[in-house]
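Here's the structure, in structure tokens; my notes come after.
We did not get these values from a lab; they are worked out from the coordinates using the rules stated. On a predicted model such as this, the values are computed, not experimentally measured, just so you know. Every residue, glycine among them, receives a Cβ derived from its backbone with ideal geometry; neighbour counts consider all protein chains shown.
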Amino acid sequence: MKDKTIAFILIIILAIVVAAVIGATSYADRDGYYSQQGYGSMVGGMGGMMGSGMMGSGMMGSGMTGNAYSKDSFSSNGERIYYTGIDSTGRRIGFEGGPMWLYMSGGSCIDCHGTSGKGGVPVMMGTAIPADLTNLFATHSHGNENMVMVPYTDDLLKRAITKGINANGDSLDPTMPRWYMPDNDLNDLLAYIKTLQTEDHHSNSGNDTTGYDTTGMTGHDMTGQHTHSSQTNAPNGEPSKPFLAAVFSVILGSFFAVQYLKSRM
Amino acid sequence: MGEEKGYPSWNILKVGFIQRVMTHRAFQFALQLPNFLVFILVILTGLFGIQNGGSNFSTVLTWVIWWAFIIFTFLFVGRLWCLMCPMGAIGEWIQRGSFWGRKRENLSLNIQWPGRLRNLWLATIFLLLITWVDNIFGLVKSPLYTAYFIILIITASIMVGLIFERRTFCRYLCPIGGLIGLYSMFASTELRTKDKEICKGHQGKDCIKGNEKGYPCPMFEFPQTLDRNNYCNYCAECIKTCPENNIAINTRPFSIDLFKTKKKYFDEAALAMILVGLTAFQSIIMTTSWQNWMKAITAAAHLNENIVFSVLFLPMVLFPFGLYLIISKVSINTNGNKDNLKNGICLAQT
């Protein structure tokens, strides 16, 4: 009897915890904080639990990074690098600096800047807030002090990625790894980052300034950045319903099987 | 007391309040419940929360706070975590059909764990497997995978509890159980008998058989011969069941077990040396040189990086163990002392 009472209290407490989590997330989501693509949304996750999950393509398909973004095919080499840190030849992009977990379990741009490139969410073991990559080619603010940044050019952005020096010539926080990759990979990545721009700013000086139609974007639907945005609106990192159902069934099935066996013994 | 053991110690159960708390049947449940609720929250936020390892409650709490914090608990108070571990608790609650009450019948088949598997080899394999999975799939930085991982551990704990007796999962299968046990030998607390002669003269052996006041030791320990911390999780069942009130929880100098224990096992020595390899390996892969080597090897061999990593993983992690094995064999051949094979535990911890 006592145990039943405790079980009842536990269930009520659990229900309150679940309600609190969902409520808190809904509140945060209302403010748009979690709505950044690439960071997922608890509410979105609650809405549709039919993700590919651990046993599906999320884990087995995309290989090394095991990211939770449920994306295993890429339209361009640049997109692949942005998502996985691995180029189309299967080579992992090298780096220096960055948070320690990057060395332990790999990672890529998406881990800090999100699928939308908006950044803004602190990263584990990081000492700076990841920058917003969606407005690089216009005068923009950057960092905690809202420092005014001059617009990036292709060369300046390449320098930021490889040498960690921002458009104003200042050193970026060590949280941003210094990536080294061949020029063709760097060009492809640059082209992909351009598709993340929310305003129609093209590279405004210096070299090619070809905007979205740069090298490596073949095969990518280049009707504009909104295509990409709508692609990534799909709920990311959702739990696998079959996995959870299987676990639940195995536990319940074993319990009743054991009780049946015990009754026969 | 304590002089006869050769080191100073003081029994904290002399404090009446602590004795009363620990002999209360709900003592363990009271510690398990808060952790259980937090773990439910960890699972929920891992499954449904923001999918960013640096910001999600589940990854930050599990891998940044919990994992770092419990290392220190092992060093100071041994397996105190196991006393309140919600993963083991869920298996035990379902097995006993009770949260804290003493029931004569339970819901398990109570099959004995096979004799050949009563060691740490399976737990060691699981530990290596998890490390490999983490390196390949990024377990630590993924809230979703962290939640899956905890769900799988809980499922295993429940399944094993339903089939096998007592805490078979915690004793023989928990991936970090062996590791915790080794670290706990260093702790400055211990659960021991006050007077072994009293135990020898007592025929009932309630501590391993159980009585109306408590369950038999869930970790399959026999307090009468207990001389090290490896598997005791301070659940206090033996304190409750001992009719002679002969159990003490002592404070003591650090690392006594490493030098005083008469029990030495090869599986534990092997795990200690594998942990040395694992730690070294995890440090090496954080270096830039490792990245360069991997790039060079994958390019030269035309192989996927995962495959190269997997091929290198076991030999590198097992290298110190292999070296130790060779040195021990040479030493045995030289002086015939077979204990050399089991002394790695002290060597590694020192």
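The selection criterion, being touching a Gly at 6+ places or on another chain (Cβ under 8 Å), over 20 Å from B:GLY78 (Cβ atoms) and surrounded by fewer than 22 Cβ atoms within 10 Å (Cβ to Cβ), does not hold for B:ASN245. Within region A:128-145, at least one residue is surrounded by 16 or more Cβ atoms within 10 Å (Cβ to Cβ) and not in a loop (DSSP other than H, G, I, E, B). Against the definition (over 30 Å from A:PRO130 (Cα atoms) and touching a residue at least 60 places away in the same chain (Cβ under 8 Å)), how does B:ILE43 come out, yes or no? The answer is no for B:ILE43. In a residue-by-residue description of region B:26-48, the property of being in contact with a helix residue (DSSP H, G or I) (Cβ under 8 Å, 6 or more places away or on another chain) and assigned to a loop (DSSP other than H, G, I, E, B) applies to no position. Residues that are out of contact with any Gly (no Cβ under 9 Å at 6 or more places or on another chain) and outside any helix (DSSP H, G or I) were ranked within region B:165-180; the one that is nearest to B:ALA89 (Cα to Cα) is B:ARG166.
Considering only region B:147-160, I want to know if a residue exists there that is in contact with a strand residue (DSSP E or B) (Cβ under 7 Å, 6 or more places away or on another chain) and surrounded by fewer than 18 Cβ atoms within 10 Å (Cβ to Cβ). The answer is no; no qualifying residue exists.
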